[in-house]
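The structure appears right after this line, and notes come after that.
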């Protein structure tokens with residue numbers, strides 16, 4: 001750990017407390033890491049607008065890998081430095097497939113405007129879909145299936161009840177539509193008992209987003225630490241050399257990486273403690 005040059009952390013359930021605030025110890029750790037010139041990176045599923053909802057501009061991160069790696073933002077210079085969207089062709093095929101299957105889904109504008117999205121109500125009502133819609137209706141437009149958007153898209157979100165077998169079956173179907181895309185699993189941050197299926201370009205991952213930052217700064221993978229708490233953090237934690245998962249992670253994945261305290265107990269500050277001396 002003596003040669004660490006970059007630390008990457010998820011936000012929700014990892015760096016942030018359950019009420020979306022930052023603990024005093026975590027904030028102090030960020031400042032000390034900056035004084036030691038260790039690069040502080042967020043790797044989150046949130047889009048950039050939602051990052052700003054929980055981090056004010058004075059929180060001392062250096063880079064934000066947002067939307068699970070679809071974009072990278074230089075936090076200090078307030079500048080977008082990377083994006084990867086799904087092509088127009090694949091986006092059209094996916095839109096048609098989800099409509100034909102009568103699934104509830106959201107389709108997001110290309111980065112960097114991907115806080116805006118189209119929504120489609122499928123055949124079966126879904127309470128979690130409606131909850132998500134209520135949280136985000138200010139930036140939502142109902143999809144006109146007779147006039148589909150002809151543009152690249154950042155991602156799709158399909159919400160299903162928590163059923164691992166159903167997830168794997170639907171994942172296989174979706175990924176067979178285009179060789180360009182991949183499906184990522186995430187636990188719902190709104191309500192327990194639901195799986196969020198996120199469809200991205202196949203090169204999009206938190207790990208690849210952090211790799212972009214490492215390549216930009218000539219940092220070797222062996223000089224990195226990662227902290228996460230959920231399925232969608234696997235790509236990040238498989239990339240970083242020293243990887244930790246918080247004790248509030250789902251039980252079935254909690255033993256996959258080194259253990260860290262929960263997000264309520266200063267996981268970020270505890271993991272980085274050896275670097276703060």
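What follows is calculated from the coordinates using simple rules that are stated; it is not laboratory data. From a predicted model like this one, the values you see are computed outputs, not experimental measurements. So basically every Cβ, Gly included, is an ideal-geometry build from the backbone, and we count neighbours across all protein chains shown.
Among 188, 203, 251, which comes first, second and so on when ranked by fewest other beta-carbon atoms within 10 Å?
Fewest-to-most ranking of 188, 203, 251: 251, 203, 188.
For the Cα atoms of the chain, what angle does the longest principal axis make with the long axis of helix 127-136, in degrees from 0 to 90, nearest 10?
70
Roughly how tilted is helix 164-175, in degrees to the nearest 10 and between 0 and 90, from the longest Cα axis of the chain?
70
What whole-number distance in Å separates the alpha-carbon centres of region 185-204 and region 87-105?
Between the Cα centre of region 185-204 and that of region 87-105, the gap is 17 Å.
Could you tell me what fraction of 2.2 N^0.38 Å the Cα radius of gyration of region 88-201 comes to, as a two-decimal ratio?
0.98
If you fit an axis through the alpha-carbon atoms of helix 24-35 and take the longest principal axis of the Cα set of the chain, what angle between them do you get, 0 to 90°, nearest 10?
So the inclination is approximately 70 degrees.
What FRET efficiency, computed as 1/(1 + (r/R0)^6) with R0 = 30 Å and r the Cβ-Cβ distance, is obtained for residue 57 and residue 275, rounded to the nearest 0.05?
Plugging the Cβ-Cβ distance into 1/(1 + (r/R0)^6) gives 0.80.
If neighbour count is taken as other Cβ atoms inside 10 Å, put 90, 68 in order from fewest to most.
The fewest-first ordering by Cβ neighbours comes to 90, 68.
Between region 138-156 and region 1-55, what's the alpha-carbon centroid distance in Å?
32
Among the DSSP beta bridges whose two residues both lie in the chain, what percent are antiparallel, rounded to the nearest 5?
Values: 30 of 51 bridges.
Around 60 percent antiparallel, to the nearest 5.
Please rank 255, 5, fewest neighbouring Cβ atoms within 10 Å first, as an exposure proxy.
Lowest to highest Cβ neighbour count: 255, 5.
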